[in-house]
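Have a look at the structure below before the remarks.
Coordinate-derived values only; no laboratory data. Everything quoted here is computed from the prediction, not taken from an experiment. Cβ sites come from the backbone with ideal geometry, for glycine too, and all protein chains shown count toward neighbours.
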Amino acid sequence: MTEAGTEPTSDIRCNSLQESVRFARLANLLGVVTDSRPLLEAPRLIRTIKESGLLLFSYGHMNNDVKAVELQVREGVNAVIVDKVLAVAKSMRPKTAARNTESPDVEAAVAALII
């Protein structure tokens, strides 16, 4: 889990997405969990992390914004951790039903939110 530089810590792996990805790959971990702010500010980071072969989860207050969740899911984030699960799931569900055949990843993300 990394703060992605949003809150300084004494552990370098938590201060930088680059270091957390490097460590996760070296330690043969499945992925990284990061604050969503850097991903929303620079969505290309999502692709870079995913291309390294890691799973990517995000957390943070910005994940309670449906548009932020949609952007992350569309770009390839595997899971978003939200506080307002029902509100985010309800907001995404109608859009997901309309795109069900086009974007099964969004449907899976909504299902994960509900669980």
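In the stretch 22-50, of all residues being surrounded by fewer than 13 Cβ atoms within 10 Å (Cβ to Cβ) and among the small types (G, A, S), the one that is farthest from K67 (Cα to Cα) corresponds to A27.
Inside the stretch 1-95, counting only helices (runs of 4 or more DSSP H) that do not spill past its ends, which hold 3 or more residues that are of a type in the set (K, R)?
Hits in the stretch 1-95: 44-51.
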